[in-house]
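So the structure is just underneath, and the comments pick up after that.
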Amino acid sequence: MQSGIFLPGNAKALVKLRGADDHYLIAASQNRGPLELFKKKESQKNISLNPDDKIIFIHLKNGKVRREEVYHGDSFLSQSSSFISVNDTMKSIDIINDKNETRTINFKQELRLSGVAILNHSIFLYFSASSITKTQSCP
């Protein structure tokens, strides 16, 4: 498995965008060169942020909490779209705005059938959990 991005030439800015089909896009500009647009192969859920959102607390399933600050205009003469990408390690997200109001987004686990076994005329069903169902609550 490989990761990373290679931009030949004199790269100047890199911003994240959200496509019409909710895909994660990256736009890269170069000095006296073309603007290049990259699309992530895997689809994922993205949550839009409001203009007044400032801090995000991401609660992970392993019990850890990650804090992220929301910046506007984080690249030279450019600005990324305001959204956060959700993955299967996240349990919930707390978003705090500039008035210290908090909104929480919880990710419920959904059981999926992952296997079936038959042993001595008994049927055993195996389930696995995945975090694809989202509920939103505002305190």
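Here Ser92, Ser75, Ser137, Ser131 are screened, and the one residue that is in contact with a strand residue (DSSP E or B) (Cβ under 6 Å, 6 or more places away or on another chain), surrounded by 13 or more Cβ atoms within 10 Å (Cβ to Cβ), more than 29 Å from Gly9 (Cβ to Cβ) and at pLDDT below 60 is Ser131. The residue of region 32-54 that is most open to solvent (accessible area, probe 1.4 Å), among those that are of a type in the set (D, E, K, R), under 29 Å from Asp94 (Cα atoms) and in contact (Cβ under 8 Å) with a residue 12 or more places away in the chain, is Lys39. If you go through region 8-31 and keep only what is open to solvent by less than 40 Å² (accessible area, probe 1.4 Å) and farther than 28 Å from Ile47 by Cα, you end up with just Gln30. When Lys12, Lys54, Lys16 are screened for being in a strand (DSSP E or B) and within 14 Å of the chain's Cα centre (by Cα), only Lys16 passes.
The values are calculated or read from the model by the stated rules, or taken from the named source; none is laboratory data. The shown structure was predicted, so the numbers you read here are calculated from the model rather than taken from an experiment. Backbone-built Cβ (ideal geometry, glycine too); neighbour counts: all protein chains shown. All accessible areas refer to the heavy atoms of the entire protein, side chains included, with ligands and DNA or RNA removed. Shrake-Rupley method; radii C 1.70, N 1.55, O 1.52, S 1.80 Å.
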